[in-house]
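Trainee: Structure incoming, see below.
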Amino acid sequence: MESIYWVPSRDCNQKCPHCYNDSGPGAPGLSLDEVDACVRNLPDPDRVTVGRFILSGGEVLVWPELLFHALGRLRERYGERTELWVQTNGDLLDGEALDRLLDAGVSRVDVASQDRFHVRTSVTRRPELTRLFEDRGLTEVRVDETEPQPTDGPRFAFWGATEDEWIGPLWPRGRAVERGLSKATPEDRFCSLWSGAKSFLDYDAPGCEVNVQLSDVYPCCPMTCRPIGNLLEEPLLDTLDRLREHPVFRALNEGRPEAMGEALGLDESHGFDRSRALGNHCLWCDEFFTVHAPELLESGARTARSEPFLVQLSESV
């Protein structure tokens, strides 16, 4: 398994207009006991190698007790065989916080706020943060470069939702949809790109990443309208094994959301037609699970979307 992306809290010091998971001040997070339970249900390191955990938010440094508790539990279970990465907007990052991150075993810090949607100070702190990283011996990873980038030792990177990045059109999720900011079209095949659902079931092969929002498990970072499982109730590998041969989830695993309905008599052309009518493949995914296969996703999840759009889909199709 290449990566597990985990948001233990959506609490944030900002409330960005494009936020895909509705993070903001006072948004929910896990308790410390819930973190412990989630870690117990993550893959057994003696059975499956996990390349890295990426802890994100929300803003991870808003609730440092939760962040460092999660990092400590992950380090206890996985040791140095698995990398620990942290994504932050950088606003609360100073020398003391960075030293704590490095002492906790974090090998890469991504400042993922370099765009017009975050407050301007998040962008203007880049030179200051660069000096902070370099003074502590971190090497910069330039995510927009085609040349090989450093993969060993402590590293840092800057990026954001800019037009030249894969998330530039903005996932049609959360506030980006509510505020009409997403420019995603059927040509934006998020499902088959990194952080999409492609290969999410193939935990025994390269390229697998799953997304955990609080304790809810999703096949991709953009997230299906409701999760596929819950780490408080079921081990992650059991969730993936349960879905591994299901034709709907196999289509997602292949990065082909337009083909999800084939087993239900909705051919691939129908999926393409609906993606074009709705605007993009993510909205077709919402429609598919809301209208045609609601039983395939978890009910009552803490992070399930309850946007009016989903109700409109069920009433209009």
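Please treat every number below as a calculation from the coordinates, not as lab data. Model, not experiment: these values are computed from the prediction. Because the Cβ atoms are built from the backbone with ideal geometry, glycine has one as well, and the counts that use them run over all protein chains shown.
Trainee: Based on the Cβ-Cβ distance of D103 and E134, what FRET efficiency does E = 1/(1 + (r/R0)^6) give at R0 = 22 Å, to the nearest 0.05?
Mentor: It comes to 0.75.
Trainee: Moving on to the next point. Could you give the nm distance between label points at R75 and S192, where each point is 7 Å from its Cα heading toward the beta carbon?
Mentor: Each label point lies 7 Å from its Cα, and together they span 4.1 nm.
Trainee: Follow-up. Once every DSSP H run of n ≥ 4 in the chain is given -39500 (n - 2.57) and the sum is divided by its residues, what mean residue ellipticity at 222 nm do you get, rounded to the nearest 500 deg cm²/dmol?
Mentor: -8500 deg cm²/dmol
Trainee: If the elastic network links every pair of Cα atoms under 10 Å, which of P206, P169, P28 fluctuates the most in the Gaussian network model of the chain?
Mentor: P206
Trainee: Now a separate question. Which of P25, P172, P257 moves most in a GNM of the chain, Cα contacts under 10 Å?
Mentor: Evaluated over the chain, the most mobile residue of the options is P25.
Trainee: Kirkwood hydrodynamic radius (Cα pairs, Å) of region 3-160?
Mentor: 16.1 Å
Trainee: Quote the FRET efficiency, to the nearest 0.05, computed for R242 versus L32 with a Förster distance R0 of 25 Å and r equal to the Cβ-Cβ distance.
Mentor: 0.35
Trainee: Along the Cα-to-C-beta direction of T49, a point sits 7 Å from the Cα; which residues of region 1-24 have their amide N less than 17 Å from that point?
Mentor: Under cut-off, by backbone N: 1-4.
Trainee: Compute the Rg to Rh ratio over region 188-272 from the alpha carbon atoms, using the Kirkwood formula for Rh, and round to two decimal places. If you can, show how the numbers build up before the last one.
Mentor: On the way: Rg = 12.5 Å, Rh = 13.0 Å.
Checking Rg against Rh, the ratio lands at 0.96.
Trainee: For the pair L92 and E295, how long in nm is the line joining their label points, each one 7 Å along Cα→Cβ?
Mentor: 4.4 nm
Trainee: To continue, here is another question. Which of L231, L193, L201 moves the most in a Gaussian network model of the chain with Cα springs under 10 Å?
Mentor: L193
Trainee: Does a label point 7 Å from the Cα of R126, set along Cα-to-beta-carbon, have any residues of region 57-98 with amide nitrogen under 14 Å, and which are they?
Mentor: 90
Trainee: Oh, and also: Not counting the cut sites, what is the longest span of the chain without GluC sites (Glu not before Pro) that DSSP labels loop and that have at most 11 other Cβ atoms within 10 Å?
Mentor: 1-144
Trainee: Using the crude model of +1 on Lys and Arg Cβ and -1 on Asp and Glu Cβ, and no other charge, please compute the dipole size for region 122-247 relative to its Cα centre, in debye to 20.
Mentor: It comes to approximately 500 debye.
Trainee: Then there's this: How large is log10 of I(q)/I(0) for region 165-312 at q = 0.12, 0.14, 0.21 Å⁻¹ when the intensity is taken from the Debye formula with one equal scatterer per alpha-carbon?
Mentor: So the normalised log intensities work out to -0.44, -0.62, -1.51.
Trainee: Here is a follow-up. Given Cα pairs under 8 Å that are at least 6 residues apart, what percent is the relative contact order of the chain?
Mentor: Value for the chain: 18 percent.
Trainee: Would you indicate which of [x] 1.12; [y] 0.95; [z] 1.06 is the value of Rg/Rh (Cα atoms, Kirkwood Rh) derived from the coordinates of this structure?
Mentor: Identified label for the calculated read-out: [y].
Trainee: Using a 10 angstrom Cβ neighbour count of at most 16 plus a DSSP loop assignment to flag exposed chymotrypsin sites (Phe, Trp or Tyr not before Pro), which longest range of the chain is free of such sites?
Mentor: Excluding the exposed sites themselves, the longest stretch runs over 1-165.
Trainee: Between R142 and A263, what is the label-to-label distance in nm when each label sits 7 Å out along the Cα-to-Cβ direction?
Mentor: Spacing of the two 7 Å Cα→Cβ label points: 4.6 nm.
Trainee: Still on this structure: Quote the charge dipole size of the chain about the Cα centre in Debye, to the nearest 20; the model charges only the Cβ of Lys and Arg (+1) and of Asp and Glu (-1).
Mentor: Once rounded to the nearest 20, the dipole reads 520 debye.
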